[in-house]
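Quick notes on the structure that follows.
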Amino acid sequence: MRNLEIRQFPCLSDNYGFLVHDSESGETAAIDTPDADAYLKAASEAGWTITQIWNTHHHFDHAGGNAALKAATGATVYAPIYDRHRITDVDHWVADGDRVTLGVHVANVIHTPGHTLGHVVYHFAADRVAFVGDTLFALGCGRLFEGSPGDMWQSLSRLRAWPDDTVIYCAHEYTQANAAFARSVDPDNPALADYAREVGEKRAIGLPTVPTSIGKEKAANPFLRPDDPTLAQSIGLEGSGPVDVFAEVRARKDRF
Ligand code: ZN
Ligand code: FE
């Protein structure tokens, strides 16, 4: 099995677009559709033809280009069934536990309510690669537009259980702001201090901070650490459960 090839490119103001390619079958999946033109340009530069579109959730910066990209390529569109009333141009609805394939590469569909109620992520378990949309960000997580803190913590717990070397492709470049916030709630975490320094250096020269990995996020991302006693103590919730700590960290981020 040859490795998946992945192209990442900026879209809109702070989204990333992703193309995933399997050279044996020639299949290429577009992860979300923030900007059809940017995807067509990236595909043509790579010499790839987009054969599939995989949506993570209904927001415009993730599914807004479905019609244009499908019309230009004839790609087959997969999207979360939980969003069937609000994503258009879909051929196949997918649910938790389903699998989508790119040649011999298999991605598990995982329902991750929180940012929206219908959000899914695509996890190539054997390839150690995942596309997580707006569920998990480098040093952050998606804003809770629709789900509860309990929903999001349960969703993030499933991602946290993946192997540390799983490569995580998040849909936005939010990391520098996330790092500043993370330092405010977890100031004595040395892994976070190192990570924040690296992020500052990368952004200063215009480099992306995506992808990240589960191992890096487990060590430094406060939204994956609500069961860490030091974090709970630092926000005055010593002895509280992870959902309460998670809810307080998320509420502080919304005000930061
Ligand atoms: Zn979103
Ligand atoms: Fe988004």
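Laid out as a table, the results:
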quantity	calculated
Residues of segment 149-160 satisfying the condition of being open to solvent by 10 Å² or more (accessible area, probe 1.4 Å) and within 16 Å of ligand 1 (Cβ to nearest atom)	ASP151
Strands (runs of 3 or more DSSP E) lying entirely in segment 54-121 (those with 2 or more residues that are touching a Phe, Trp or Tyr at 6+ places or on another chain (Cβ under 9 Å) and within 14 Å of ligand 1 (Cβ to nearest atom))	76-80
Subset of segment 22-44 that is farther than 15 Å from ALA171 by Cα and acidic (Asp, Glu) - its residue that is nearest to ligand 2 (Cβ to nearest atom)	ASP37
GLU146, sole failed condition from (1) under 16 Å from the mean Cα position of the chain (by Cα); (2) surrounded by fewer than 20 Cβ atoms within 10 Å (Cβ to Cβ)	(1)
Residue that is farthest from ligand 1 (Cβ to nearest atom), among those in segment 127-143 that are in contact (Cβ under 8 Å) with a residue 60 or more places away in the chain and open to solvent by 30 Å² or more (accessible area, probe 1.4 Å)	ASP127
Hits in segment 99-112 - residues which are under 18 Å from the mean Cα position of the chain (by Cα) and more than 24 Å from PHE137 (Cβ to Cβ)	ARG99, VAL106
Residue check for PRO226: modelled with pLDDT of 95 or more and surrounded by fewer than 17 Cβ atoms within 10 Å (Cβ to Cβ)	no
Checklist (1) of a type outside the set (S, T, N, Q); (2) in contact with a strand residue (DSSP E or B) (Cβ under 7 Å, 6 or more places away or on another chain); (3) surrounded by fewer than 18 Cβ atoms within 10 Å (Cβ to Cβ) applied to ALA71, failing item	(2)
Residues being buried (at least 18 other Cβ atoms within 10 Å of the Cβ), away from ligand 1 (no atom under 16 Å from the Cβ) and assigned to a helix (DSSP H, G or I) - total across segment 161-180	2
Enumeration of residues in segment 1-37 that are open to solvent by less than 20 Å² (accessible area, probe 1.4 Å), part of a strand (DSSP E or B) and polar (S, T, N, Q)	ASN15, THR28
Selection status of LEU192, assigned to a helix (DSSP H, G or I), open to solvent by less than 30 Å² (accessible area, probe 1.4 Å), in contact with an Asp or Glu (Cβ under 6 Å, 6 or more places away or on another chain) and not charged (D, E, K, R)	yes
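For every residue, the table says whether it meets (1) under 21 Å from SER148 (Cβ atoms); (2) not charged (D, E, K, R).
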residue: GLU173; (1), (2): no, no
residue: GLN176; (1), (2): no, yes
residue: ALA179; (1), (2): no, yes
residue: ALA182; (1), (2): no, yes
residue: LEU192; (1), (2): no, yes
residue: ILE205; (1), (2): no, yes
residue: LYS216; (1), (2): no, no
residue: GLU238; (1), (2): no, no
residue: ARG250; (1), (2): yes, no
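The values are calculated or read from the model by the stated rules, or taken from the named source; none is laboratory data. These numbers come from a predicted model, not from an experiment. Quick reminder, even Gly has a Cβ in these numbers, built from the backbone with ideal geometry, and neighbours come from all protein chains shown. Protein only, heavy atoms only, side chains kept; ligands, DNA and RNA dropped before computing areas. Shrake-Rupley method; radii C 1.70, N 1.55, O 1.52, S 1.80 Å.
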